[in-house]
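Report on one structure; see the data block that follows.
Bear in mind that the values in this text are calculations on the coordinates, not laboratory data. A quick note: this is a predicted structure, and the numbers were derived from the prediction, not measured. Cβ atoms come from the backbone with ideal geometry, glycine included; neighbour counts cover every protein chain shown.
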Amino acid sequence: MRPPIVLAILAVQVAACSAPTTPSLAPEARTGPRALACDPCELAVEVSEQARAFEPAAAVNPADAAHWLIASKQWHPSGSAPAIMRHHVSFDRGAHWETRRFPGDIPLDHPLSLYAAFLDPNVMLFEDGSALLSAMAARGLIGPGGSPVEDVNGFPVIDGFDLIVARSEDGGLSWPDARVVSLGSAHPAAPVTVYNDQPFLARGPQGEVLLVWSYRLLQGANEPTRVAQIRGSMSRDGGLNWSEPVTISDGLGEFHRPRATIADDGEMLVSYQDLASRETNLPVFVARSRDGSQWTQTATSIQSRRGAWIGAHGDDIYLASSQSRAGVPVVAVHRLSDSAPATVTHPADRPGDVTPTLVLTPAGTIVVASQIPNARGNQYWVWTRDAAGRESRLRLDRSPLGANDPEGLLGWPIFGDYQGLAVGPGGVLVAWISGDAQDTDLRAAWLPLR
């Protein structure tokens with residue numbers, strides 16, 4: 001048995017400064033002989049006014065470390081406009097960005113023309129520069145005259161929450177092709193609302209792509225009965241075609257927050273939680289499959305407050321979980337072959353949630369990006385541990401960060417359940433949200449790593 005990973009991140013109080021455009025950033029804290037630094041650091045991908053960006057997703061071209069793609073949803077906190085999604089493309093390591101509203105200018109017969117809003121993006125880039133973007137798509141209700149039905153505020157009435165995958169041939173600039181992978185329903189007269197939530201894309205060693213999501217059913221209006229399955233679909237042609245969805249989770253529950261990885265030997269692994277207990281720390285499950293059609297679910301001994309991210313390297317499978325113990329945020333990095341998982345504790349001077357995201361590099365370096373609540377606002381940290389056991393940590397943000405929303409959007413931090421974290425040639429791209437409950441900026445940094 002290998003010794004457990006022992007991690008500790010020390011929160012460093014840093015004086016707040018004005019929001020920079022593209023400042024340099026030195027490491028705030030480090031341990032061990034290997035220093036962690038970023039280059040470039042804290043790039044201002046998009047600066048918003050009176051708008052709230054939320055939950056960015058990031059991708060790097062596996063053959064071109066300069067080609068980046070980031071997507072995030074955005075809306076006005078006042079409710080004065082419906083949610084939109086923006087995607088940002090750079091071909092020069094973030095020196096210049098092309099920002100567009102998804103899906104852009106599309107003809108009326110385009111598959112995405114039926115949708116009023118797009119949520120929960122996840123993105124992927126291929127070696128040839130093509131890209132995939134999966135999202136939860138809100139279908140507008142069409143009236144008898146063929147026009148969208150609007151509510152009293154002028155917002156479209158939603159008639160379905162579908163799962164779509166769009167494909168780009170120009171690096172993520174435009175999205176001429178799209179597929180509806182799973183249909184939902186939300187018609188006011190329907191007894192059950194069905195929506196497809198939190199899609200996640202994972203790529204395998206043979207180019208296969210696994211798409212997983214939470215298929216949620218809500219019955220009733222005031223205190224709805226909630227049931228959810230984890231479902232999955234496969235593509236073996238770069239996202240042009242997708243298999244019929246299959247159920248990954250087993251049994252009755254409210255399974256949610258799926259994350260997926262495909263190991264070097266082609267085994268597919270999906271982690272998720274059961275929200276049914278409504279406890280602070282929720283049980284984590286892992287499902288495995290060799291072909292994407294037959295899945296075996298295992299209930300782990302791990303509990304997490306906000307999701308569990310799974311990653312694989314060689315024979316080792318890792319999970320990063322989020323917990324709250326007596327109000328102190330805790331990130332635990334577990335190796336499933338170990339009986340004693342390692343724990344990372346982020347000291348905080350007030351209660352709150354930690355939202356970790358995990359990836360592994362081809363050399364076996366574990367990378368965990370975490371949003372840490374602090375009295376001065378949220379902070380973003382990255383921790384790494386390489387194959388030799390050397391650990392490093394770096395605070396990413398220098399611009400002011402707002403505290404958690406005092407009212408809360410469904411009770412979570414204002415910046416969402418996750419950060420963007422993507423492996424590329426020679427490093428990792430991190431994307432996160434800075435700002436407060438009214439104005440938020442989308443920022444990014446590149447971390448050179450093996």
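Before moving on, here are some points about what is shown:
- Cut-off under 5 Å, modelled amide H: who pairs with residue 305 long-range: 282, 322, 323, 324
- Inter-label distance, nm, simple model (7 Å from Cα along the C-beta direction), residue 277/residue 37: 4.5 nm
- Built amide H within the under 5 Å cut-off of residue 365, gap 5+: 387
- Backbone HN-Hα couplings from phi across the stretch 291-306 [Karplus 6.51/-1.76/1.60, Hz, Gly and Pro as x]: 10, x, 10, 10, 10, 10, 9, 10, 8, 7, 8, 8, 10, 8, 7, 9
- Scalar couplings 3J(HN,Hα) for the stretch 244-257, obtained by applying the Karplus form with A = 6.51, B = -1.76, C = 1.60 to θ = phi - 60°, are 4, x, 10, 8, 8, 6, 10, x, 8, x, 10, 7, 8, 6 Hz; x denotes Gly and Pro.
- Whole-Hz couplings from phi, Karplus 6.51/-1.76/1.60, listed for the stretch 307-323; x for Gly and Pro: x, 9, 9, 10, x, 9, 8, x, 8, 9, 10, 10, 10, 10, 10, 10, 9
- Distance between the pseudo-spin-label points of residue 265 and residue 99 (7 Å out from Cα toward the beta carbon): 4.6 nm.
- Cβ-placed point charges (K, R +1; D, E -1), dipole of the stretch 201-308 about Cα centre in debye, nearest 20: 360 debye
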